[in-house]
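Chemist: Have a look at this one before I ask anything.
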Amino acid sequence: MSALGDILHRGRHVAGHHPYPRVEVDAAGWEDAAFQTADGRCTLLSLWGEVDGVHMALAGPDAMEIAVISLPCAGGRFPSVGQHHPPAIRLERSIRDLYGLEPQGAIDERPWLDHGRWGRRRPLGAATSDAGSGEAYDFLPVEGDSLHQIPVGPVHAGIIEPGHFRFTANGETVVRLEQRLGYVHKGLDGLMQGADLGRAAKLAGRASGDSTVAYATAFAQAVEAALGIAVPPRAQWLRALMIELERLANHLGDIGAICNDASFALMLAHCGILRERVLRAAAAAFDHRLMMDRVIPGGVAVDLASEGAAQFRALLAEIRARFPALVELYDDTTSLQDRTVGTGRLDPALARQFGAGGFVGRAAGRGFDARSLAAPLPYAELGFKPVTRSEGDVNARVWVRIDEVNHSLALIERLLDGVPMGEIAAALPSVAEPREGLALVEGFRGDVLAWLRIGADGRIARCHLRDPSWFQWPLLEAVIEGNIVADFPLCNKSFNCSYSGHDL
Amino acid sequence: MSKLLLQALILPPVTEPAPKPAADALAEIAAKVDAAAKRRLGRSLSIREVDAGSCNGCELEIHALSNAFYDLERFGLRFVASPRHADVLLVTGPVTRNMREALERTWRATPDPKWVVAVGDCAADCGLFAGSYAVAGGVSAVVPVDLHIRGCPPSPIRLLEGLLALLES
Ligand code: SF4
């Protein structure tokens, strides 16, 4: 029996959780799951809390097997997973900040999302009020000769999201980077509680604006799994179309922006034109440039008219005509290659340990791509194959994006050719008892996880959204070590982690 | 590369004609801009973007202002890296409690005369995030706002209209 199968076998099965099983375990079972994960027999997909318990989502080695393990926390405590498995540390610190549940044995007891400014502690658990005037953060001590520190942020020099980076450098070389995040914490989990499905879907679509379609789809799929409804095939195809358009736009933007951070502005100018064309075609077909609120629980909100499809075909033709010359330019410009090759190299073992998704994982040999999971999205019918590289450097992350742009172009064409006719949304039934659902959807940045419980009143009782950035941010700290400070923007852009998606 | 550069010389530009400044934005700003300040700045503004809690959707569209279609710099508008070099703060997001102080400090670091433009529905009234324990309010709850540009996110054209109104007033 697989490690995950074994854990499931010993737990108590919880009814009404779809499409993957959920089991309740005791503290020993929880620790066992943590050990199996630390030993690499399972991948941690997420870890989250609620008032009286904690949950972790795990995947078997090939991700064909997925399950949720739950531990009721009667005494307000749970055995720390992070003490055995570092990728869990920040998630655990967040559970403590929001719900006040104590991870016992935790190595890092500092708050994470809570900066002491909310005017209350444990806002989603047994809340108490406080002054909210903020508190100093204990950065990790760094000792050694000739070291100096460079604090950056939360307000950065470019048009980007806020976060704080504390560099310790020896001359030009970075010895350690420590991140402090949480600045854009908007209280998403709290806003979700009690929201009706329509409002909750909109909130999910604003967890990270650049991945709005992926989030809205993950949320919708989790709702549909929970309620047991079948979404019309046409809606599934249109969702996949929007997801691929979102990927295309973001990858094009990223390729240009990464080159721009290596002072090669020409790529940004050309990629920026192609990105804008994607957004304009999306606006023409779906009436929103980023396609926000176009995916709804039950299906999609707008149908694709034949003029819209024609726009997309013209878009494909244009990108196919122009993109190869840009790829050639990237590949042939030695001054650019000099910056990207060998820079910010991610160890494949770390990528595996952290379950790094998206271009971060796939550029370092981790082949996981949530598009390979079985239905409901029609990727199996489209002949989808994940793209992987093994070098793990900035260059490999650029190439994964280039290959995925090309692959998305092919997928979009097949989606346009094959999209079935019919309804675009199914009605949502009302429920008499609580229902739970989980979904994993591959956005441009990696796999977005949505877990939710719908109460007997038909509203969201708890919704947890896990951005791929949770497992990518810590790796950025690792890859920058030994690189020069001046290469940080390049490494950072090649990761392009979400602040909002992470800070919630 | 030479081929690409040559094509760029020969092919017509993709840049859009300038939009008319939005009438409502003009009215909002006209009341607030001091003529003397305008004389001093001429028709050029340096903009510092501050994300005070956005979902990053607004940032994507602000970025788009610099692409070849909208080409913000032709209007004398440009993004700068420091608030100390800025005339305008372009602020997005509901202001989170965790970002409030950073926004206040950025505002104080910006020399007078200065304007604040609040971008997006969240920046106006917190949008869907209204009522959260983690949100301090719209931008005007923290720093004085001269102009609101609505939308979720506002399209680059709407952003341009708003910013041009700031110049023309
Ligand atoms: S206005 Fe919309 S796009 Fe802008 S930050 Fe708010 S939710 Fe995101």
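Chemist: Can you name the condition, by its number, that B:Ile157 falls short on among (1) surrounded by fewer than 19 Cβ atoms within 10 Å (Cβ to Cβ); (2) within 14 Å of the ligand (Cβ to nearest atom)?
Modeler: (2)
Chemist: Further, regarding this structure: Would a scan of region A:197-210 turn up a residue that is away from the ligand (no atom under 16 Å from the Cβ), more than 10 Å from chain B (Cβ to nearest Cβ), under 22 Å from A:Pro19 (Cα atoms) and surrounded by fewer than 24 Cβ atoms within 10 Å (Cβ to Cβ)?
Modeler: So far as region A:197-210 goes, yes, one or more of its residues are away from the ligand (no atom under 16 Å from the Cβ), more than 10 Å from chain B (Cβ to nearest Cβ), under 22 Å from A:Pro19 (Cα atoms) and surrounded by fewer than 24 Cβ atoms within 10 Å (Cβ to Cβ).
Chemist: Answer yes or no: is there a residue in region B:102-112 that is within 16 Å of the ligand (Cβ to nearest atom) and under 17 Å from the mean Cα position of the chain (by Cα).
Modeler: Yes, that holds for at least one residue.
Chemist: In addition: How many of the residues in region A:419-433 are surrounded by fewer than 16 Cβ atoms within 10 Å (Cβ to Cβ) and in contact with a strand residue (DSSP E or B) (Cβ under 8 Å, 6 or more places away or on another chain)?
Modeler: 1
Chemist: Please enumerate the residues belonging to region A:379-402 that are under 21 Å from A:Ile319 (Cβ atoms), of a type in the set (A, V, I, L, M) and part of a helix (DSSP H, G or I).
Modeler: A:Leu382, A:Val398, A:Val400, A:Ile402 - these are the residues of region A:379-402 that are under 21 Å from A:Ile319 (Cβ atoms), of a type in the set (A, V, I, L, M) and part of a helix (DSSP H, G or I).
Chemist: When A:Val405 is evaluated against the numbered criteria (1) assigned to a helix (DSSP H, G or I); (2) of a type in the set (A, V, I, L, M); (3) in contact with an Asp or Glu (Cβ under 6 Å, 6 or more places away or on another chain), which criterion, by number, is the only one it fails?
Modeler: (3)
Chemist: In contact (Cβ under 8 Å) with a residue 24 or more places away in the chain and more than 30 Å from A:Thr340 (Cβ to Cβ), is that true of A:Gly209?
Modeler: When the stated conditions are applied, A:Gly209 does not pass them.
Chemist: Could I ask something else about it? At pLDDT below 95 and not hydrophobic (A, V, I, L, M, F, W, C): does that describe A:Pro468?
Modeler: When the stated conditions are applied, A:Pro468 does not pass them.
Chemist: Within region A:472-486, is even one residue closer than 22 Å to A:Glu65 by Cβ and not small (Gly, Ala, Ser)?
Modeler: no
Chemist: Does B:Ala124 satisfy being touching a His at 6+ places or on another chain (Cβ under 9 Å), away from chain A (no Cβ under 13 Å) and aliphatic (A, V, I, L, M)?
Modeler: Against the criterion (touching a His at 6+ places or on another chain (Cβ under 9 Å), away from chain A (no Cβ under 13 Å) and aliphatic (A, V, I, L, M)), B:Ala124 qualifies.
Chemist: Scan region B:81-108 residue by residue and report those that are crowded, with 16+ Cβ neighbours inside 10 Å and part of a helix (DSSP H, G or I).
Modeler: Once the filter is applied, which keeps residues that are crowded, with 16+ Cβ neighbours inside 10 Å and part of a helix (DSSP H, G or I), region B:81-108 yields B:Pro83, B:Arg100, B:Glu101, B:Ala102, B:Leu103, B:Thr106, B:Trp107.
Chemist: Something else: Among the helices (runs of 4 or more DSSP H) lying completely within region A:190-265, list those that include at least 2 residues that are of a type in the set (S, T, N, Q) and at pLDDT 95 or above.
Modeler: Counting at least 2 such residues, we get A:212-227, A:233-261.
Chemist: Checking A:His464 against (1) assigned to a strand (DSSP E or B); (2) within 14 Å of chain B (Cβ to nearest Cβ): exactly one of these is not met. Which one?
Modeler: (2)
Chemist: If I ask for residues that are surrounded by fewer than 15 Cβ atoms within 10 Å (Cβ to Cβ), under 28 Å from the mean Cα position of the chain (by Cα) and within 12 Å of another protein chain (Cβ to nearest Cβ), which ones from region A:135-157 would you list?
Modeler: A:Ala157 - this is the single residue of region A:135-157 that is surrounded by fewer than 15 Cβ atoms within 10 Å (Cβ to Cβ), under 28 Å from the mean Cα position of the chain (by Cα) and within 12 Å of another protein chain (Cβ to nearest Cβ).
Chemist: Can you find a residue that is crowded, with 22+ Cβ neighbours inside 10 Å, in contact with a strand residue (DSSP E or B) (Cβ under 8 Å, 6 or more places away or on another chain) and assigned to a strand (DSSP E or B) anywhere in region A:21-40?
Modeler: Yes, there is a match, as at least one residue in region A:21-40 is crowded, with 22+ Cβ neighbours inside 10 Å, in contact with a strand residue (DSSP E or B) (Cβ under 8 Å, 6 or more places away or on another chain) and assigned to a strand (DSSP E or B).
One line per residue, one yes/no per condition, for (1) more than 8 Å from every other protein chain (Cβ to nearest Cβ); (2) of a type in the set (S, T, N, Q); (3) within 11 Å of the ligand (Cβ to nearest atom); (4) over 23 Å from A:Arg275 (Cα atoms):
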site	(1), (2), (3), (4)
B:Phe69	no, no, no, no
B:Glu73	yes, no, no, no
B:Ser82	no, yes, no, yes
B:Leu128	no, no, yes, yes
B:Gly138	yes, no, yes, yes
B:Leu147	yes, no, no, yes
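Chemist: I'd like to check something: does region A:229-246 contain any residue that is within 15 Å of the ligand (Cβ to nearest atom) and either in the same structural domain as A:Val398 (by TED's automatic domain parsing) or more than 26 Å from A:Trp48 (Cβ to Cβ) (or both)?
Modeler: So far as region A:229-246 goes, yes, one or more of its residues are within 15 Å of the ligand (Cβ to nearest atom) and either in the same structural domain as A:Val398 (by TED's automatic domain parsing) or more than 26 Å from A:Trp48 (Cβ to Cβ) (or both).
For (1) among the hydroxyl-bearing types (Ser, Thr, Tyr); (2) closer than 28 Å to A:Gly132 by Cβ; (3) within 11 Å of chain A (Cβ to nearest Cβ); (4) touching a residue at least 40 places away in the same chain (Cβ under 8 Å), each residue gets a yes or a no:
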position: B:Arg97; (1), (2), (3), (4): no, yes, yes, no
position: B:Lys114; (1), (2), (3), (4): no, yes, no, no
position: B:Val135; (1), (2), (3), (4): no, yes, yes, yes
position: B:Pro153; (1), (2), (3), (4): no, no, yes, yes
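Chemist: Out of A:Arg371, A:Arg414, A:Arg445, I need the residue that is touching a residue at least 60 places away in the same chain (Cβ under 8 Å), assigned to a helix (DSSP H, G or I) and of a type in the set (Lys, Arg). Which one?
Modeler: Only one candidate passes the filter, namely A:Arg371.
The values are calculated or read from the model by the stated rules, or taken from the named source; none is laboratory data. From a predicted model like this one, the values you see are computed outputs, not experimental measurements. Quick reminder, even Gly has a Cβ in these numbers, built from the backbone with ideal geometry, and neighbours come from all protein chains shown.
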